[in-house]
Amino acid sequence: MGFYGDQIVPRVTDLTLRGHAFESLRERAATGLDGEVLEIGFGSGRNLPHFPEGVVRLWAVEPSSVARKLAEARVAASPVPVEHVALDGEELPLEDASADHVLSTWTLCTIPDVARALGEVRRVLRAGGALHFVEHGQAPEARVARWQDRLTPLQRRVAGGCHLNRPIDDLITDAGLELERLDHPKVPGPRAYTYTYEGVARKR
């Protein structure tokens with residue numbers, strides 16, 4: 001990842017994705033989680049305080065050593081046991097149908113081969129299990145989408161590979177998951193950076 005990607009980006013991300021609007025979305029994304037959960041893009045562990053009592057184990061995927069360090073206090077305070085299992089969502093070291101749910105918050109924008117990662121999500125989900133997600137991505141307005149296309153090359157360089165222009169709903173359904181709920185909550189900031197997809201997609 002290099003010094004900038006490993007040391008700087010996780011700290012900036014931790015500071016940026018905090019506050020009431022983001023915590024509300026995290027809480028909503030965690031609603032309905034239970035059993036054994038896989039989180040891709042665990043980051044600094046900001047989702048942990050929102051986990052319901054029914055979650056018995058969390059497998060965490062996070063490439064940044066700094067993010068894992070920032071998460072230590074939240075992990076220590078959480079009643080949910082956390083096990084870091086992988087650095088890369090594109091190849092998960094879990095057996096088929098081993099997770100009850102998968103959680104992803106502001107992560108699918110950064111994974112280089114996002115289709116492969118979502119294929120892995122579907123593989124490790126048990127039948128009836130669900131992907132709970134909050135992601136930013138391609139806006140429906142043509143003018144905003146054009147700006148997202150223009151800005152994405154710069155955004156990728158400064159924000160750890162982040163794409164502004166990914167059609168999150170299409171990517172999820174193309175992976176064979178069925179959208180059960182999809183909302184587009186408003187998040188403070190320029191629409192090109194904050195158009196949000198929040199919902200649940202289930203493996204049938």
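The values are calculated or read from the model by the stated rules, or taken from the named source; none is laboratory data. Since we're looking at a predicted model, the values are computed, not measured. Note that we place each Cβ from the backbone using ideal geometry, even for glycine, and neighbour counts take in every protein chain shown. Quick note on the areas: whole protein, heavy atoms, side chains included, nothing else; ligands and nucleic acids left out. Shrake-Rupley method; radii C 1.70, N 1.55, O 1.52, S 1.80 Å.
Once the Cβ-Cβ distance of Ser65 and Asp170 is raised to the sixth power relative to R0 = 35 Å, the FRET efficiency obtained is 0.60.
Might you tell me the accessible area per residue for the range 1-47, computed with a 1.4 Å probe and given in Å²?
Numbers: 2220 Å² over 47 residues.
It amounts to 47 Å² per residue over the range 1-47.
Translational diffusion coefficient, Stokes-Einstein: compute it for the range 6-107 using the Kirkwood radius over C-alpha pairs as Rh, at 20 °C and 1.002 mPa s, and state it as an integer in µm² s⁻¹.
Numbers: Rh = 13.7 Å.
Using the Kirkwood radius from Cα pairs, D works out to 157 µm²/s.
At 0.36 nm per residue, and after removing the present C-alpha to C-alpha distance, how many nm does the segment from Arg74 to Arg181 gain when stretched out fully? Write out the running numbers ahead of the final one.
On the way: separation 107, 0.36 × 107 = 38.52 nm, distance 2.88 nm.
Stretched fully, the Arg74-Arg181 segment lengthens by 35.6 nm.
Label-to-label distance, Glu95 versus Leu15, with points set 7 angstrom from Cα along the beta-carbon direction: 4.5 nm.
Ellipsoid fit via the Cα gyration tensor, the range 56-118: semi-axes of 20, 16, 10 Å, each the root of five times an eigenvalue, largest first. In whole angstrom, how far apart do the alpha carbon centroids of the range 3-47 and the range 59-97 sit? The range 3-47 and the range 59-97 have Cα centres spaced 11 Å from each other.
For the chain, the Cα gyration tensor yields ellipsoid semi-axes of 24, 20, 16 Å (square root of five times each eigenvalue, largest first, whole Å).
Shape summary: the range 88-203 maps onto an equivalent ellipsoid whose semi-axes, from the alpha-carbon gyration tensor, are 26, 16, 10 Å in decreasing order. FRET efficiency for the pair Ala115 and Val85, taken as 1/(1 + (r/R0)^6) with r the Cβ-Cβ distance and R0 = 25 Å, rounds to 0.75. Full extension of the chain segment joining Asp6 with Glu53 gains 13.7 nm, where the gain is 0.36 nm per residue of separation less the Cα-Cα distance.
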